[in-house]
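Read through the structure below, which is laid out as structure tokens, and then see the notes.
Quick note: the coordinates plus some simple rules give every number you see, no bench work behind them. For clarity, every value in this text was computed on a predicted model and none was experimentally measured. Neighbour counts run over all protein chains shown; Cβ positions are idealised from the backbone, glycine included.
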Amino acid sequence: MDLRAGQVAVVTGAASGIGLALARRFAAEGLKVVLADVEEAPLRAAADALTAGGAEVLARTVDVGVRDEVRGLADAAYDAFGAVHVLCNNAGVGSGAEGRMWEHEVNDWKWAFAVNVWGVFHGIQAFVPRMLAGGAPGRVVNTSSTDGGIAPLPTASVYAVTKAAVVTMTESLHAHLTAEGAPVGASVLFPGPHMLRTGLWESHRNRPARYAKEKPRRTPYRSLGQWEAAMQEAGQEIAFTPVEEVADAVVDGIRAERFWMLPPAEHTDRQIRARARSMLDRSAPSYLERFILD
């Protein structure tokens, strides 16, 4: 799919991190950008900065876990620009779950699924029929994670399960679009290949009251900076991938009509091979044994 000036891109989770990097990259390509995020003040700051740089921008405060709000986002995008060519279902949260999987609170699961899974589906349902009706080439990019989409991360089981669901949802979307002979394609994004400096670590700040934790946490939330400091103190250096590189990979992947937006990395390839090998061998997933639950 060609990306060219005048097209329209919609990005959820656009006020910071990967979403903001995507919005900036699309704007640099001359696209009109629709920014959606649950945090109003950072969203407005992002929109003002892009507008000051010459981009045509529409910003909407949206909780992607609420279907009607995503439908309202679609209405606003089409009212403002008349079309959508790229949809990035990027908004995501952690879960705040502690302990073993069977100890997780129900609301940890409900909140993570509302945003990470239902939020993606709400975007698909609100935008894809209109994109198809428009008849122009388009792309839907759904953000997953290697921590679930490729190899489950047992220490973050709720998050991992939701990101695995995004992969299957995108594969299903791709199959349906292909069967229709549609000009709209689908891609699943695995940001990386290394750690990312995003707001995901502090996503609990936006947790809705309807999904409030039922009991106090046993340990305080850790910021990314605190976690990084702990790793360094333990003698482990952590590599980070700039979010701008992720945005570049998405633009390249859209142009190449690539389904798997998966940056090359030896450690990721090892995970893929190990998982495939365990399935073919009908053996227990030994690639998970390096993880130790707190």
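For the reader, a short list of remarks on this structure follows.
- For Rg and Dmax of the Cα atoms in Å, the candidate list reads [x] 17.4, 52; [y] 18.7, 62; [z] 18.9, 57; the entry that matches the value derived from this model is [z].
- Within a Gaussian network of the chain (alpha carbon springs, distance under 10 Å), most fluctuating of A249, A126, A80: A80
- Inter-probe distance in nm under a simple model that places probes 7 Å from Cα toward Cβ, at Q226 and L132: 4.6
- Residue-by-residue Karplus 3J(HN,Hα) for segment 196-212, coefficients 6.51, -1.76, 1.60, Hz, glycine and proline x: 10, 8, 10, x, 4, 5, 10, 5, 4, 5, 10, 5, x, 4, 5, 10, 4
- Converting phi to 3J(HN,Hα) with the Karplus coefficients 6.51, -1.76 and 1.60 and the offset θ = phi - 60°, segment 114-127 yields 4, 8, 6, 10, 4, x, 5, 5, 4, x, 4, 5, 6, 9 Hz in sequence order, with x at every glycine or proline.
- Table column - 3J(HN,Hα) (Hz), segment 238-243, Karplus curve with 6.51, -1.76, 1.60, x for Gly and Pro: 10, 8, 10, 9, x, 4
- Here the Gaussian network model covers the chain, with springs between Cα atoms less than 10 Å apart; of P137, P129, P220, P220 fluctuates the most.
- Going from the fewest other Cβ atoms within 10 Å to the most, the residues Y221, Y78 appear in the order Y221, Y78.
- Under a 5 Å amide H cut-off, with hydrogens placed 1.01 Å from N, A186 pairs with V140 among residues at least 5 apart or on other chains.
- Note on the chain: with a GNM built from Cα contacts shorter than 10 Å, the maximum mean-square fluctuation among H176, H267, H204 falls on H267.
- For the chain, the longest principal axis of the Cα atoms and the long axis of helix 266-280 meet at an angle of about 70 degrees.
- Here M101 and H194 are evaluated by their C-beta separation; at R0 = 41 Å the FRET efficiency comes out at 0.95.
- Straightening the chain between T219 and T51 buys 56.3 nm, computed as 0.36 nm per residue apart minus the Cα-Cα spacing.
- In terms of other Cβ atoms within 10 Å, T61, T146 run from fewest to most in the order T61, T146.
- Prolate/oblate/rounded call for segment 212-265, Cα gyration tensor, a/c under 1.5 rounded: oblate
- Dipole magnitude of segment 157-224 about its Cα centre (Cβ charges: Lys, Arg +1; Asp, Glu -1), debye to nearest 20: 720
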